[in-house]
Amino acid sequence: MRNFKTVLALAVLLVFVLAAVSFAQLANTDWPKNKRDASNSGRSPATTIAKPVIKWHTSLSQGSYTAGGSSPAGPVIDSDGSVYVVDTGGGAITKINADGSFGWTSVAQLGGGYWGSPAIWSNGTTKQLVFGLGWGNVGLYSVSPTDGSTNWVVTPQYTGGGAPSTALGDGAPAIGSDGTIYITGGDGWDRGQIFAIDPATQTVKWTFPDPFSDTDNIGYNYGAPVVTTFDGKPLIIVMGKPLDQNASSIFAIQDNGTSATKLWSAPSGYHWNNPVLSNDGQTVYAVGFKDWGAINMFAFDVATGTVKWSIDSTTNTFSTPVVGANGTIYVGGQSGRLVAIQDNGTSATIKWGLNFPNDTGECTTPAVTSSNPPVIYVGTYGTGRGKMYAVRDEGSTGKIIWYVGGCGFAVSGDPGTPAVAANGTLYTQWGTELVAFEPGFVGAWDGKIKGYVKTGIGLPIAGAIVAAGPNPRPLPDNSTYATTDANGYFEITGLHAGTYYVAAWAAGRMASDDATVTLTSDSEVKTVPNIVLPLAGVNLALGKAAYTDQYYSDPNYSPEKAVDGDQNSRYCSRNPVTYPTHFFVDLGEDKSVNQVNIYWESAMATSYRVQCLPSTSDPSWEENWEAEGVTVYETTCVTGGYRIDSNHLVDVIKFAPTTAQYWRVQSFGGGDAVSFWEFEVRSATEAPGLVSGIIKDKDGNPVFNAIYTLNGTVKGITDVDGKYTLADFPTGTPATISADALKFAKRNFTLTVAPGVEMLQDIVLTSAPFEPGFYNSDFEIADPLSNVGSSGWEVHAYTGGSYARSTTENKTPGGAAAEYMHVNSPDWWCAIRNTADKYPAVVGDGSVAYNIYYWTKNNAGPGAGGGFMRADFYDAAKTTILRTDANSVIDDNPTWAPRLVDYQAVPPTGASWLRFRIYHSDTKCESFVDAITLDAVYLSSTTNSLANLKSLSDGCAVSLTGKITTCAQGTGGVPADVFYIEEPTRFAGIRVKSSTPVTPNKLVSVAGVMATTESGERYIDATAGTVTLGGNATCGPLGVTCRTVKGSLMEGLLVKTAGKVTSVGSNYFTMTDGSVDFGSPVEIKVLTGGAPGVTVGTFVTVKGVASYDGDRVILKVP
């Protein structure tokens, strides 16, 4: 009887075990494993969105246990709201209860650096947490969710190279529908296998590959495999690090019960993250190298392993994707980038890419909700001040609806991979704490602060940085940034209700004081008053002696590199550095300073302070810095300020004027080294000036292609808007500005600007229609392949280049868009030149100099480098090159830019012709050239023609004889030091500046230099020259209408007109004679020099000289 009972009990137990195994599976909880489900979708059933409000945060360091960073696999969530998380410190599992209270820490220690996570296994009545122990006591562990005690351990035997059973790696377990647990393991990096483990019997069902072989090696990986079915059997899809470029890195393995068969494998580059299954189960997605080049997203057919498509993910990192309910694939990347990819079946498209503003961190694996539209949660890590973002997929764009983190956040460190409960609660390990965010968010952070940033004279500042943050001095601290457009306009978006400090800065300018703005709701929009940025003080650190306490032995990274004014050279501390470390600059004497700019390289300090020390103290003693040093700024949460590009960041630190000789940045923490490009120390009292404006003609039209200089140095060439800017303008002493353009007379004038003053100064150029020169507005090659140059250009001397006319590129206003295009093949150079019959003429007697320049655009490919233009000066026979001028300036510039070959180059003696040769030496790129200019600059002239005289350059020496004076200095409306002369033929007249007294109707000889008034009237400056009067000559006024006086040809001539007075001023009146221009009556201004002596409405007859003061006027004479 006892035996029967025993047999019966064993039978009942066997039935129970079989039933347990048959119903064992992944537990039906909110988030039971890495990326939630067997498909690794990373998608929560939640339709409620989490708030940016912490529900609770609980430390994982409890008792004697010290937690580390978060595992990339993320937490798992039980059905009762309990959360289990593995940290990378001691490597234990910690349970945090639904209310945030501490539950337990497992006895089994995974070991430091573990990147896996547990999975919740259930047989319908009980649950277990299973996880692979990566180091130390290697094995697949089962622990109790109740108290963390160990239920059982299975130790698979890795049979590859190296010691057996080295590690189960960092892989997270996956659980099949029959309860089988799949997990990878191996030697910890190069070689590995996947194991199928029966939790009921705690035995290894099979190992793949078995026996181990390099051909089917499954190298290191983390995260869980995909588990699906094929032909009625479980199919496990796993990725791992390949041994080489030709090895497979993704495997589809069929579970046959007690053995496994490889269904297919394929290479997808160097990658060890886990794959994800499409919603229809037909496609598996993975990220890896495309032919070991760009990182791509791959789509494999589940049944065959055929690549359906691949696409550059634009993430530049091996991140793990997730899939939304609508099939959109979401994947994070480097430098805070999230990308949405649409699977089109046989192809894919990027729906949108979103760059998180000024975030340099790398993205975690995302998690996505089942809401419509879906919301993606993703963190950024690697900076120690990461953020968690909630991004709503709005179809064609991704919208940040909120974010938390950074400096001042309630929890320090970086967030890990998120997990989302069914009720919308968001969980993530943040540093050494588990954080829960409340559910129930509605809407988005749509608050906005907008406005304009301008100069002191009201001009817009393009590219200015505007920061808004919760704390004062937002520019160097953790803030939200925007940059201004061409109109100086900015919008800082994505803000929530609260008070913000707003400040702006632009290179070469002082930062603004903080403005305080309060948004009363998450959608309020506020406009701030114009933010005015004055000119920055001079950089006192430039070229000064610099020192460090921990020098990197390579002189290319010496301290002097941070004060050389070059943003392409940098200082770097010793590597590895010992903190604290400092860098300081000696200004040579005590100077008043109110701003420091630190241009960080990516190896920035994580905490630092800026200090100064007076000249009376020795900077070599740390005790002096501690006792006498003044700290003007310090921070323990460095963001690097504003990110200029992938490797340049800037902290702009403004403070009250402080006087000292020694200035330093002392770093207290960071990576292996501290490095920055420039350390600027800006003066509070010494500042340059700035002059800007528009170069235009007398009709007010901007002049394109005008070259301008400051004290003889070329500063730029105008674009179609005619704008110019002269920054760092010398102050306190006169400085000379010149401007010139083809068919315009060169103009010189002097300005004196006070320190820190900005001046708006338009430059009016006078037309010089008779000026010789050359301008190629339509760069054409008629038939480049046959080398026929009927348009004046021909192809020569090339290897592998090809040529065509472009109908899409044009720089010349009104041009025919027929520019030379060079598309280079793998060979590396080619050139074109103008044909001999089209050489422009030059003068080689020393009286004329030439400006030679052009515009170019280079769409560069890999290895893009350069090219150049050559200007060959030929003799009269066009057989001998007397001199060649050249420059190497066709660089990698995807936008049109001017390039200078020569400025005021005097041809060699005997030169008569000029040939242009344009070379491009590069690989795989295309270049466009347009607006080639040869502009004459007269140094001296022998002409005796007043008409030709007006085409000469300012400063050109002239000597005239046989002209007639038409008025004397200071008579009527004529200025005190000015008189006018005319040709005896009455064909032209001109203004003369001289204090030598003259009388009208006299022959005169004049020697002087050409000049231009501020308003644009040409004149002869004879103040240092000579004026010699001769015999009498008659020169009566020309009778003209008011409309005729308005014409430019009348300028300088003695005229007479009549009409009705329309207005009267203190020293002028206006009149009209009824003539019209474009349907409107023409009114002329008459300058009288004193009280006009006329009344409105009277009829008057006026004699005077036609002049120009911004408009056509008559200078009345007796």
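Annotations
- Total residues in the stretch 730-751 satisfying the condition of being of a type outside the set (A, V, I, L, M) and in contact with a Leu (Cβ under 9 Å, 6 or more places away or on another chain): the figure is 8.
Every residue, every condition in (1) more than 23 Å from residue 477 (Cβ to Cβ); (2) modelled with pLDDT of 95 or more, yes or no:
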{"residue": "572", "(1), (2)": "yes, yes"}
{"residue": "576", "(1), (2)": "yes, no"}
{"residue": "581", "(1), (2)": "no, yes"}
{"residue": "586", "(1), (2)": "yes, yes"}
{"residue": "589", "(1), (2)": "yes, yes"}
{"residue": "594", "(1), (2)": "no, yes"}
{"residue": "597", "(1), (2)": "no, yes"}
{"residue": "602", "(1), (2)": "no, no"}
{"residue": "605", "(1), (2)": "no, no"}
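- Residue within the stretch 694-703 that is modelled with pLDDT of 90 or more, in contact with a strand residue (DSSP E or B) (Cβ under 9 Å, 6 or more places away or on another chain) and among the polar types (S, T, N, Q) present: no
- Residue in the stretch 451-462 that is part of a strand (DSSP E or B), closer than 26 Å to residue 35 by Cβ, touching a residue at least 40 places away in the same chain (Cβ under 8 Å) and not small (Gly, Ala, Ser) present: no
- Of all residues assigned to the stretch 609-623, at least one qualifies as being in a helix (DSSP H, G or I) and without any contact (Cβ under 8 Å) to a residue 60 or more places away in the chain.
- Residue in the stretch 1105-1118 that is over 25 Å from residue 1016 (Cα atoms) and modelled with pLDDT of 95 or more present: no
- When residues of the stretch 536-562 are limited to those that are more than 24 Å from residue 688 (Cα to Cα) and of a type in the set (D, E, K, R), the one surrounded by the fewest Cβ atoms within 10 Å (Cβ to Cβ): 554
- Candidate set from the stretch 168-215 (those that are among the hydroxyl-bearing types (Ser, Thr, Tyr) and assigned to a strand (DSSP E or B)); member that is surrounded by the fewest Cβ atoms within 10 Å (Cβ to Cβ): 203
Per-residue answers, yes or no, for (1) modelled with pLDDT of 65 or more; (2) among the polar types (S, T, N, Q); (3) exposed (fewer than 15 other Cβ atoms within 10 Å of the Cβ):
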| position | (1), (2), (3) |
| --- | --- |
| 803 | no, no, no |
| 814 | yes, no, yes |
| 838 | yes, no, no |
| 846 | yes, no, yes |
| 856 | yes, yes, no |
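- Note on the stretch 612-637: among residues that are surrounded by 22 or more Cβ atoms within 10 Å (Cβ to Cβ) and within 36 Å of the chain's Cα centre (by Cα), the one that is farthest from residue 669 (Cα to Cα) is 613.
- Restricting the stretch 373-431 to residues that are in a loop (DSSP other than H, G, I, E, B) and in contact with a His (Cβ under 9 Å, 6 or more places away or on another chain), the residue that is surrounded by the fewest Cβ atoms within 10 Å (Cβ to Cβ): 410
- Of the residues 279, 273, 256, 221, the single one that is crowded, with 24+ Cβ neighbours inside 10 Å and out of contact with any helix residue (DSSP H, G or I) (no Cβ under 8 Å at 6 or more places or on another chain) is 221.
- For the stretch 302-322, the criterion of being more than 29 Å from the chain's Cα centre (by Cα), acidic (Asp, Glu) and in a strand (DSSP E or B) is satisfied by no residue at all.
- Flag for residue 719 being part of a loop (DSSP other than H, G, I, E, B) and not assigned by TED's automatic domain parsing to the domain that holds residue 456: yes
Every residue, every condition in (1) β-branched (Val, Ile, Thr); (2) under 26 Å from residue 368 (Cα atoms); (3) modelled with pLDDT under 95, yes or no:
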residue	(1), (2), (3)
250	yes, yes, yes
257	no, no, yes
267	no, no, yes
284	yes, yes, no
320	yes, yes, yes
324	no, yes, no
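- Residues that are buried (at least 24 other Cβ atoms within 10 Å of the Cβ) and either among the hydroxyl-bearing types (Ser, Thr, Tyr) or at pLDDT 90 or above (or both), drawn from the stretch 57-73: 60, 70, 71
- Condition met for residue 119 (at pLDDT 90 or above and either outside the structural domain of residue 236 (by TED's automatic domain parsing) or buried (at least 24 other Cβ atoms within 10 Å of the Cβ) (or both)): yes
- Any hit, the stretch 1075-1086, residues being small (Gly, Ala, Ser), crowded, with 21+ Cβ neighbours inside 10 Å and in a strand (DSSP E or B): no
- Qualifying residues in the stretch 1087-1097 (those that are of a type outside the set (Ser, Thr, Tyr) and under 14 Å from residue 1113 (Cα atoms)) - the one surrounded by the fewest Cβ atoms within 10 Å (Cβ to Cβ): 1089
- Qualifying residue in the stretch 89-104 (condition: touching a residue at least 60 places away in the same chain (Cβ under 8 Å), hydrophobic (A, V, I, L, M, F, W, C) and in a loop (DSSP other than H, G, I, E, B)): no
- Residues of the stretch 67-88 classified as without any contact (Cβ under 8 Å) to a residue 40 or more places away in the chain and within 24 Å of residue 385 (Cα to Cα), total: 1
- Selection count where residues are part of a loop (DSSP other than H, G, I, E, B) and on the phi < 0 side of the Ramachandran plot, scope the stretch 480-531: 21
- Restricting attention to the stretch 228-245 and to residues that are closer than 16 Å to residue 207 by Cα and not in a loop (DSSP other than H, G, I, E, B), the residue that is modelled with the lowest pLDDT turns out to be 239.
- Taken over the stretch 509-535, the criterion of being surrounded by fewer than 16 Cβ atoms within 10 Å (Cβ to Cβ) and small (Gly, Ala, Ser) is satisfied by 521, 523.
- Exactly one residue among 1052, 1036, 1059 is buried (at least 20 other Cβ atoms within 10 Å of the Cβ), part of a loop (DSSP other than H, G, I, E, B) and not hydroxyl-bearing (Ser, Thr, Tyr), and that residue is 1052.
- Here the stretch 824-836 is the region considered, the condition is being in contact with a Phe, Trp or Tyr (Cβ under 8 Å, 6 or more places away or on another chain) and not charged (D, E, K, R), and the residue that is modelled with the lowest pLDDT is 829.
- Count - residues of the stretch 715-764 that are surrounded by fewer than 16 Cβ atoms within 10 Å (Cβ to Cβ), among the acidic types (Asp, Glu) and under 23 Å from residue 537 (Cα atoms): 1
- Of all residues in the stretch 444-478 being of a type in the set (Gly, Ala, Ser) and touching a Ser or Thr at 6+ places or on another chain (Cβ under 7 Å), the one that is surrounded by the most Cβ atoms within 10 Å (Cβ to Cβ): 467
The values are calculated or read from the model by the stated rules, or taken from the named source; none is laboratory data. Every value quoted in this text rests on a predicted model; they were computed, and no experiment measured them. With ideal geometry, Cβ positions are generated from the backbone for all residues, glycine too; neighbour counts draw on all protein chains shown.
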